[in-house]
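Each value in this text was obtained by applying a stated rule to the coordinates, not by laboratory testing. All values reported here derive from a predicted model rather than from experimental measurement. Heads up, the Cβs are rebuilt from the backbone with ideal geometry, glycines too, and the neighbour counts pull from every protein chain shown.
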Amino acid sequence: MKRALNTTFAILVLAWLALTASTYGVLVWQSKAFISPTHARPVVMCTYFEGTKLFERGYIYSPDGRVGHSRCPVFSKPLAF
């Protein structure tokens, strides 16, 4: 039992270190599609964890996924400003 806990903890620490060292973030949660006041189109907001902080990305919503996204991608990079 103790070995399983130690192994799980080690895997979680390695995953966190990998996220911290990479430029990608992993999806934490997403909001339902809503009409954006700036774009006047449906948008889905996605929140990602990058290892040290959270960041948000907005994607144009399309139920069939042809023009926009029907759901958030699992991995994403933050926008560089």
Ascending count of other beta-carbon atoms within 10 Å, so fewest first, for TYR61, TYR24: TYR24, TYR61
Looking only at trypsin sites (Lys or Arg not before Pro) in DSSP loops with at most 12 other Cβ atoms within 10 Å, what is the longest site-free stretch of the chain? 1-31
How long is the gain from VAL74 to VAL28 if the chain were fully straight, where each residue apart is worth 0.36 nm and the alpha carbon distance is subtracted? 15.7 nm
Cα pairs beyond 14 Å in the range 1-72, in percent, come to 67
Under 14 Å from the Cβ of PRO42, count the other residues' Cβ atoms, weight Lys and Arg +1, Asp and Glu -1, and hand me the total. +3
